[in-house]
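If you scroll down you'll find the structure; I have some questions about it.
The values are calculated or read from the model by the stated rules, or taken from the named source; none is laboratory data. Here the structure is a predicted model, which means the values were calculated and not measured. All Cβ positions, even for glycine, are placed from backbone atoms using ideal geometry, and neighbour counts span all protein chains on display. Accessible surface areas use protein heavy atoms only, side chains included; no ligands, DNA or RNA. Shrake-Rupley method; radii C 1.70, N 1.55, O 1.52, S 1.80 Å.
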Amino acid sequence: MKIKRNTIFSYLIRNYFILIFLSIISALVFSYFAIKDIYLDALNEDAETDLILLNESLNENIIENYELLNLKIKDISLKIKKRITVIKKDGSVIADSEQDYKTMDNHINRKEIAEALIQNKAYSIRYSTTLKMDMIYTAAMFKINDIYYILRISRTVKNNEKMLNYFKKNIFITGLLLIIIMTFFVYYFSRKISVPVIKISELSKKASSGILDETIYFDKSLYEIMSLSENFNIMTASLNERINELKTEKEEINAIISSVKEGIMVVNNEGRIIRYNDSLIKLFNREDIDNKFYWEVIRDNELNDYIKNFKKNNKNKIKEIEYNNKILFCSMNHIEYNKTYIFIFYDATEIKNLEIIKKDFISNVSHELRTPLTAIRGYIETLMEEETDKSKIKYYKIIERHAKRLIFIINDLLSLSKLEEQKDQKMVIEEIKLKKFFKHLKILFQDSLSKKDLKLNIKLNIEIIKSDMFMLEQIFINLIDNAIKYTDKGKIKITADENADSYILKVKDTGIGIPEKDIDRIFERFYVADKSRSRKSVGSGLGLAIVKHNVLQLNGTIDVRSVPGEGSVFVMKFPK
Ligand code: ADP
């Protein structure tokens, strides 16, 4: 491991260093004062013992003879190697082992003397200007021959410094030793933390570039490191699993995309094709699609406008487009988070051609059948008029009813194919005055309404609607016709309303209603709900298919709600 600046090791060593340094300083300060106190106490105690012994060696004869007293204390002072002073209670010095007592000034104000006079013994430390060093003065009061004297012993405190210096040196050596030992320990401990951390950092770097196959061997003695390493291993394992899953998913999706018949194209926000399949190449007859702008590949204004519009509105709507003699159904989707657009193109040319053939066939057959059928119906009517035999008339009537039914079907088929032909023609959107519109319609149904004694109520909350007159007429003719057909008593009600963005038109009846099972299918071509009930009324099953077709052409929606036995309501909404 290469130790760099600001590694865990340098961080620990730096801080430990400061810590040890502070400990040594505080140990020094503390021991200096502690040792000084102990030493001074010892000096003092030693002096006190000397004072007691000194007191015992003095008697009344000596104490009153100052010359003798001075000789005596000088003698003792030499033996104990300490200066001795004898002071009277008034502070006057009567003997001193080092100076002439007669020249010495009054000592009453010396701290140790003043205090000893009150509390019998006291000491003080003062700097001696004569000796140029600290002195300790220990004084005690004694009574000799009923007179109080103060005996004082003074000595230098220089030994104290020596002792302290000795301690200082030892503390520094200990500190130095501590630093050396600590460096080894810190190196060892920091490695314990830094090695796995460095390893995790190396592996994370690898993981970010997708290499996830290595795991960390972790040291179980440190909980945090252990759980960090363990979690890292779990994380890489689950990431690995997710990546593999994603890889498989991607491969599956690629396989699906390339095998579908529909052309798939994914376009980024700039408009570049970032993904596509073989079917798209075939559809647009271009090989060099990758990363091209879609408008370079699809050279068709209608299609490009559609794509542009979709990117603007984000509304998915299937659109039929003619491209290179092909009919394509296009649908789109948008992925919000990476701002990509998915386009699917379905080649519906064959289906469309078949549809055209089917439509042509139906319309041709219907045309061909209409003439003979009308003839059959006419002749049957003539036959019935001429026939007197009632039992035969019954059969003629049956033939007439079926012929009529066939004519209905043919007529509906023809109008449906006409509508579909019209599909590509433009609708004529105009302002339709609803009052007038429904007045004309009502006239059409006058007979059939009065035959069944039904009422037709029209309630208009709007006056004008913008729509195609022909289509709207067809819608209402079929809906009112059905309402009359499937209602025996009661009334039919038409309403027109609006809300903020659409016109709402309703046709309501009080008829037999539609069974729930049929309700989803009644708009299908030729679907006749519950044939038994329709038998008495003639219907082709195409009426609602025409209605639905027209409503969708007008960009509207149609829904039906019905309760069997109570009636039905057809609700249409057209955008404004
Ligand atoms: P049809 O020509 O048979 O009336 P439609 O397509 O118009 O065909 O209607 C399909 C089926 O829906 C009908 O057979 C009928 O059963 C049901 N239907 C349509 N309108 C009504 C209504 N107003 N009340 C009850 N049933 C209805």
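Would you work out the Kirkwood radius for the range 10-163? I mean one over the mean of 1/r across all pairs of different Cα atoms, in Å.
17.3 Å is the Kirkwood radius here.
List every residue whose amide H lies under 5 Å from the amide H of residue 144, counting only residues 5 or more places away in sequence or on a different chain, with H placed 1.01 Å from N in the peptide plane.
For residue 144, the qualifying residues are 149.
Now for a separate question. Treating cross-link reach as a plain straight distance, find the lysines whose alpha-carbon is under 19 Å from the alpha-carbon of residue 394, omitting any fewer than eight places away in the same chain.
Within the straight-line cut-off, residue 394 pairs with 404, 536.
Then there's this: Return one whole number: the accessible area per residue of the range 10-163 in Å², for a 1.4 Å probe.
That works out to 59 Å² per residue.
Also, quick follow-up: Can you give me the long-range amide H partners of residue 334? Hydrogens built in the peptide plane at 1.01 Å from N, cutoff under 5 Å, separation of 5 or more residues or another chain.
342
Could you give P(r) for the chain, binned at 20 Å from zero, as whole percent values over all Cα-Cα pairs?
P(r) over the chain, rounded to whole percents: 13, 21, 15, 11, 10, 9, 11, 7, 2, 0.
Take the alpha carbon atoms of the range 260-347, find their radius of gyration, then divide it by 2.2 N^0.38 Å using N residues; give the quotient.
0.97
With a 1.4 Å probe and every protein chain kept in, tell me what percent of the accessible surface of the chain is carbon plus sulfur.
55 percent
I'd like the antiparallel share, as a percent to the nearest 5, of DSSP beta bridges with both residues in the chain.
Antiparallel: roughly 95 percent of the beta bridges in the chain.
Where does each of 108-115, 520-527 land if you order them by average Cβ count within 10 Å, highest first?
108-115, 520-527
Nearest 10 degrees is fine. How inclined is helix 469-485 to the longest principal axis of the chain, computing both from alpha carbons?
So the inclination is approximately 80 degrees.
I've got another one for you. Contour minus end-to-end for residue 402 and residue 111, with contour as 0.36 nm per residue of separation and end-to-end as the Cα-Cα distance?
Answer, rounded to one decimal: 90.0 nm.
What angle, in degrees between 0 and 90 and rounded to the nearest 10, separates the Cα long axis of helix 543-553 from the longest principal axis of the Cα atoms of the chain?
The angle comes out near 50 degrees.
Give me the Å³ per residue figure for the convex hull around the C-alpha atoms of the range 352-420.
Roughly 65 Å³ of hull volume per residue.
Next question. Of all chymotrypsin sites (Phe, Trp or Tyr not before Pro) in the range 160-269, which ones are in loop regions per DSSP and have a Cβ with at most 12 other Cβ atoms within 10 Å?
217
Let me ask something else about it. Take each of the peptides 353-366, 547-560, average the number of other beta-carbon atoms within 10 Å over its residues, and list them starting from the highest.
547-560, 353-366
Let me ask something else. So, for the range 309-371, what is the accessible surface per residue at a probe of 1.4 Å, expressed in square angstrom?
Heavy-atom SASA per residue in the range 309-371 reads 71 Å².
Using only Cα atoms, find the angle between the long axis of helix 66-80 and the longest principal axis of the chain, and express it within 0 to 90 degrees, rounded to the nearest 10.
Roughly 50 degrees, rounded to the nearest 10.
Rank by packing, highest mean first: peptides 147-153, 376-382, 427-433, with packing defined as the count of other Cβ atoms within 10 Å averaged across residues.
With the highest mean Cβ count within 10 Å placed first, the list reads 147-153, 376-382, 427-433.
Would you compute the Debye intensity of the range 1-80 from its alpha-carbon atoms alone, equal scatterers and no solvent, and pass along log10 I(q)/I(0) at q = 0.12, 0.20, 0.21, 0.26 Å⁻¹ to two decimals?
-0.62, -0.92, -0.96, -1.13
Collect residues whose amide H, placed 1.01 Å from N in the peptide plane, falls under 5 Å from the amide H of residue 492; neighbours closer than 5 in sequence don't count.
The list, which skips near neighbours in sequence, is 455, 456, 457.
Moving to a separate point now. Order 142, 437, most accessible first, counting only protein heavy atoms with a 1.4 angstrom probe.
142, 437
At what distance in nm do the modelled label points of residue 213 and residue 504 sit from each other, each positioned 7 Å from its Cα along Cα→Cβ?
6.7 nm
Further question on the same structure: Check the straight Cα-Cα distances from residue 102 and name the lysines below 25 Å, setting aside those fewer than 8 residues away within the same chain.
Those lysines meeting the cut-off are 72, 74, 79, 81, 82, 88, 89, 111, 121, 132, 143.
Tell me the GluC sites (Glu not before Pro) within the range 237-279 that lie in a loop according to DSSP and have at most 16 other beta-carbon atoms within 10 Å.
Loop-located and lightly packed - 270.
Go through 495, 371 and list them by solvent-accessible area, largest first, probe radius 1.4 Å.
Result, largest first: 371, 495.
Further, regarding this structure: State the dimensionless ratio Rg/Rh of the range 448-576 (Rg: radius of gyration of Cα atoms; Rh: Kirkwood radius).
Using only Cα positions, Rg/Rh for the range 448-576 is 0.95.
Could I ask something else about it? Quick check: pseudo-label points 7 Å beyond the Cα along Cα→Cβ at residue 26 and residue 320, how many nm apart are they?
Placing both labels 7 Å along Cα→Cβ, they lie 9.2 nm apart.
List, in the order given, every pair from 435/508; 392/489; 485/517 whose Cα-Cα distance in the structure shown is over 23 Å.
From 435/508; 392/489; 485/517, over 23 Å: 392/489.
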